[in-house]
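Worksheet: one structure, shown below.
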Amino acid sequence: MLFVSTAVARAAASTALVAMAGLALIGLPAHSAGPEAKDAWRQWRGPNNNGVAESDAPLNFSDTEKVKWRISIPGKGNSTPVISDGTVFVTTAVVSDKDDVAGDFRLYDFLVIAIDKETGKEIWRRTATSAKPHEGHHRKYGSFASNSPVTDGEILIASFGSRGVYAYDMEGGLLWKKDLGLMYMRMAFGEGIAPVLHGDSLIIQNDHEGESYLVVVDKRTGDEKWRAQRDERSSWPQPIVVKYAGREQLVTSSTRMRSYDFETGELIWEAGGLGANAIPAVINVNDEMVIAMTGYRDPNLLAVRLGGTGDITGNTDYIKWTNQKGNAYSASPVLHGGILYFVTDRGLVNAFDAVTGEKFYHQQRLPETYTFKASPVAANGKLYLASEEGDVIVLKMGKQYEVLAVNSMGDEMFISSPVIVDGKLYLRSQDELFCISSD
């Protein structure tokens, strides 16, 4: 594997290319944190890990209209917040007041912040660690806190990648911490795969320019259960747990899709054909099919029927459909009512039949020219798209393309994905957190 040689070279390369950062990031799958009520969003892609909320959200709003509260978030962190038991949990990284400005990088405090979801008032703040990063991130899209946290209502997991993984109770008490070693990302694009909770296990996928691996640890102690080495370079897609024929599988994406026995780490099946720089999360379709896509060079989408073993590359008994045009590069898809919705970085929207691949609309341009890193979310038949330009576009879900609203949030820029809980829309911009409500 190739390691980038110096911090200077990595930083220069970072400014030359478009970032992936863990922007899909903004990261990571069926049942991972368990069924949830309408008042919780415990994992990056929502209650059922498909980007769909269990409550409604306002249709029309702005940076002044229907704003229940807005607060400043210190530093820079592109992670998506999670919500459980009335509390919003946010991670970020700020330059430490103890920084000596020596060396290639500054000293950062890596923070976990708990906020009351009704009032926006801070409940507690913890410094997970203070450290100097060993490499940078993309200057526009990346951050040192791009991995979204995850909780099951009992334990909160905050991953800062190379700076460690930290487990807290709901009151902010540190339960354990774990150092998984340094990662070296392609062109120093930045880290950002969200961890996944499933049962009593925490799942972390670390694909980078060093020795890539998948590791499962005990959520209560951090003790390692199993680890699988992966022949992959840098990628950012969150894995997913599915259950097929009584057996739980952990399905991952990168240049190849791979499925592992969730209990043992044994490789069950794999399929090649995806392109480089994988970012969108894997999607579970009714525990019968899984979908992964890439949207960079050699873009592809693989819709794989479960039940195969070994290398199923090109096997049409299991590879049910593919797509090479209009795939998402950074944003993860939404699955609702059998329709897969996804958006390109340059604002082309798609709606496909998730089982057959039939195109209901394909590469549909939005009313204005928009760019996206945040993943869309859905609520009550509406699809919310938070753009880099600060507008939140709302589409009607279904087989026909229809714009319901375009909401301006002023000069904000959205990399973090929207969150919808209990009739409220939570939007994290580069330095603020908004609660949008009709109440």
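By its C-alpha gyration tensor, with a ≥ b ≥ c as the square roots of the eigenvalues, how is region 360-439 shaped: rounded for a/c under 1.5, else prolate for a/b larger than b/c, else oblate? Present the calculation step by step, with values, prior to reporting the outcome.
Numbers: a/c = 2.00, a/b = 1.27, b/c = 1.57.
It comes out oblate by the Cα gyration axes.
Between Rg and the Kirkwood Rh of region 287-407, both from Cα atoms, what is the Rg to Rh ratio?
0.99
Give the lysines whose C-alpha is closer than 19 Å to that of K177, dropping any in the same chain fewer than 8 places away, or say none.
List returned: K132, K219, K225.
Quote the convex hull volume per residue of the chain, based on C-alpha atoms, as a whole number of Å³. Show your work: numbers first, answer last.
Values: hull volume 53.8 nm³, N = 439.
Once divided by residue count, the hull of the chain is 123 Å³.
Summing Lys, Arg as +1 and Asp, Glu as -1, what charge do residues with Cβ under 11 Å from the Cβ of V95 carry, V95 excluded?
Spelling it out: positives minus negatives among the neighbours equals +1.
Counting only helical runs of four or more DSSP H residues, what would the 222 nm mean residue ellipticity of the chain come to if each run contributes -39,500 (n - 2.57) and the total is spread over all its residues?
So the calculated ellipticity at 222 nm is -500 deg cm²/dmol.
Quick one: if the Förster radius is 22 Å, what FRET efficiency do K140 and E211 give, using the C-beta to C-beta distance and rounding to 0.05?
Plugging the Cβ-Cβ distance into 1/(1 + (r/R0)^6) gives 0.15.
Measuring from label point to label point, each 7 Å out along Cα→Cβ, what is the V101 to A245 span in nm?
Reported label-point gap for V101 and A245 is 6.4 nm.
Taking the Cβ of V392 as the center, what net charge do the other residues with Cβ under 13 Å away carry, scoring Lys and Arg +1 and Asp and Glu -1?
The answer is -4.
Dipole of the chain (Lys/Arg Cβ +1, Asp/Glu Cβ -1, origin at the Cα centre): which of I115, W176, S408 lies farthest to the positive side?
Farthest towards the positive pole: S408.
Based on Cβ point charges of +1 for Lys and Arg and -1 for Asp and Glu, what charge dipole magnitude is obtained for region 7-436 about its Cα centre, in debye rounded to the nearest 20?
Values: 44 positive and 54 negative charges, 131 e Å.
Charge dipole of region 7-436: 620 debye, to the nearest 20.
Describe numerically, in nm with one decimal, the distance between label points set 7 Å from Cα along Cα→Cβ at E402 and at S55.
2.6 nm
If you take every residue apart from A228 with its C-beta less than 9 Å away from the C-beta of A228, what net charge results, scoring Lys and Arg +1 and Asp and Glu -1?
Net charge around A228: +2.
Quick note: the coordinates plus some simple rules give every number you see, no bench work behind them. Predicted model, so just to flag it, every value in this text is computed and none were measured. Counting neighbours? That spans all protein chains shown, and the Cβs are built from the backbone with ideal geometry, glycine included.
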